[in-house]
Amino acid sequence: MPTTLIVTAHPEPNSFTNAWARASAKACEELGHKVIWSDLYEMAFDPVERAANFKDHSPNAHFDILKAQDTATENNNFAQDIAREQDKIRQADRIIFHYPIWWFKEPAILKGWCDRVLASSAMHTVDERYDQGRFKFTRALFCVNTGANAHECAPDGKEGNLEMLLWPMAHTLRYLGMTTMKPVCAHGVHSYHEGDTKIKLETYLRGILDNQINVIRDFDTRDIIHFNADDDFDHNGSLKPDAKSYSDFVRCGVKE
Ligand SMILES: Cc1cc2nc3c(=O)[nH]c(=O)nc-3n(C[C@H](O)[C@H](O)[C@H](O)COP(=O)(O)O)c2cc1C
């Protein structure tokens with residue numbers, strides 16, 4: 001049975017984001033899966049990387065973050081909160097990220113979790129990344145909610161294509177070798193509605209929570225977010241002319 005790490009990033013315990021994260025946990029448990037939690041706000045996770053986080057860094061020395069992370073890996077002395085998160089990732093077969101879209105991306109606390117936890121040497125090296133990443137057997141899923149409606153988040157929507165907004169996070173996981181499934185998205189989530197529209201939204205959100213058991217049950221058969229294989233790039237790191245582009249982030253504007 002898989003072990004699932006649920007990472008949730010919202011300051012309000014009763015937010016839809018956290019209700020959805022709890023629905024994920026409940027669904028996993030109902031299916032007999034092991035659940036590990038990282039509720040970043042509840043943990044008061046410090047997302048700011050700084051020299052003082054590293055015991056072996058001498059205050060007057062130049063702070064080279066990747067080298068500090070390499071040394072902390074070598075000496076096994078990451079700050080405890082970081083070591084704990086790294087252990088959770090190592091234990092997890094699946095990671096489900098629950099967060100609202102804030103300014104077209106993940107909340108800063110989650111970005112900082114990536115900056116600090118996904119550390120050099122501990123989680124990746126130059127030789128162990130992308131196709132050779134250490135987490136080849138880990139599968140991830142984004143369960144994200146937006147204030148904007150589904151049309152606004154579509155490929156021609158005025159908020160920008162949500163799947164593209166999620167690409168940098170998915171690519172971060174791809175760097176580590178993980179596979180990220182196509183996201184589950186809840187749209188138009190906000191508390192401005194009154195009357196019938198409010199009831200309609202509540203019914204829609206209830207449906208998302210109720211459906212989470214199906215999302216978890218069908219996790220492995222979900223479509224995945226495709227990335228190019230290492231061999232699709234030449235020795236300079238450019239996509240080979242005959243290689244397919246899976247996202248406008250790589251070979252922008254040129255599509256089949
Ligand atoms: C700082 C901030 C920035 C936001 N930026 C966006 C945005 O870029 N796109 C969007 O669709 N909604 C945006 N929203 C709306 C949130 O996505 C929405 O409030 C959230 O999904 C509601 O879920 P919750 O009840 O769990 O907070 C933003 C909200 C906040 C607080």
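The values are calculated or read from the model by the stated rules, or taken from the named source; none is laboratory data. Since the model is a prediction, treat every value here as computed from it, not as a measurement. Here Cβ is always computed from backbone atoms with ideal geometry, including for glycine, and neighbour counts include all displayed protein chains.
Residues considered: Tyr192, Tyr175. Of these, the only one that is of a type in the set (Phe, Trp, Tyr) and away from the ligand (no atom under 12 Å from the Cβ) is Tyr175.
The single residue among Ala92, Ala21, Ala27 that is hydrophobic (A, V, I, L, M, F, W, C), within 26 Å of Asp220 (Cβ to Cβ), within 16 Å of the ligand (Cβ to nearest atom) and modelled with pLDDT of 95 or more turns out to be Ala21.
Ala150 fulfils the conditions (1) crowded, with 16+ Cβ neighbours inside 10 Å; (2) over 18 Å from Phe249 (Cβ atoms) except for a single criterion, (1). Of all residues in the stretch 28-43, those satisfying the criterion of being more than 19 Å from Thr138 (Cα to Cα), more than 15 Å from the chain's Cα centre (by Cα) and surrounded by 14 or more Cβ atoms within 10 Å (Cβ to Cβ) are Tyr41, Met43. Filtering the stretch 5-56 to residues that are assigned to a loop (DSSP other than H, G, I, E, B) and small (Gly, Ala, Ser) leaves Ala9, Ser15, Gly32, Ala44.
Among the residues of the stretch 29-81, those that are closer than 30 Å to Gln212 by Cα, free of Cβ contacts under 8 Å to residues at least 60 places away in the same chain and of a type in the set (A, V, I, L, M) comprise Val35, Ile36, Met43, Ala44. Only residues that are crowded, with 20+ Cβ neighbours inside 10 Å, hydrophobic (A, V, I, L, M, F, W, C) and free of Cβ contacts under 8 Å to residues at least 60 places away in the same chain: list them for the stretch 82-117, please. The answer is Ile82, Val117.
Listed by first and then second residue, the pairs linking a residue in the stretch 238-253 that is without any contact (Cβ under 8 Å) to a residue 24 or more places away in the chain to a residue that is part of a loop (DSSP other than H, G, I, E, B) and among the small types (Gly, Ala, Ser), with Cβ atoms under 8 Å apart and 6 or more places separating them unless they lie on different chains, are Leu239/Ser245; Arg251/Ser245.
Number of residues in the stretch 88-113 that are part of a helix (DSSP H, G or I), in contact with a Leu (Cβ under 9 Å, 6 or more places away or on another chain) and of a type outside the set (A, V, I, L, M): the value is 4.
In the stretch 4-23, the residues that are more than 24 Å from Phe137 (Cα to Cα) reach residues that are among the β-branched types (Val, Ile, Thr) and within 9 Å of the ligand (Cβ to nearest atom) with C-beta atoms within less than 7 angstrom, at least six apart or across chains, in these pairs: His10/Thr17; Phe16/Val189.
Filtered by the rule that a residue be more than 20 Å from the chain's Cα centre (by Cα), within 22 Å of His33 (Cα to Cα) and β-branched (Val, Ile, Thr), the stretch 173-212 gives no residues. The residue of the stretch 118-137 that is farthest from the chain's Cα centre (by Cα), among those that are surrounded by 16 or more Cβ atoms within 10 Å (Cβ to Cβ) and of a type in the set (A, V, I, L, M), is Ala122. Scanning the stretch 146-169 for residues that are in contact with a Ser or Thr (Cβ under 6 Å, 6 or more places away or on another chain) and within 14 Å of the ligand (Cβ to nearest atom) yields one hit, Cys153. Scanning the stretch 44-68 for residues that are surrounded by 15 or more Cβ atoms within 10 Å (Cβ to Cβ) and at pLDDT below 95 yields a single hit, His57.
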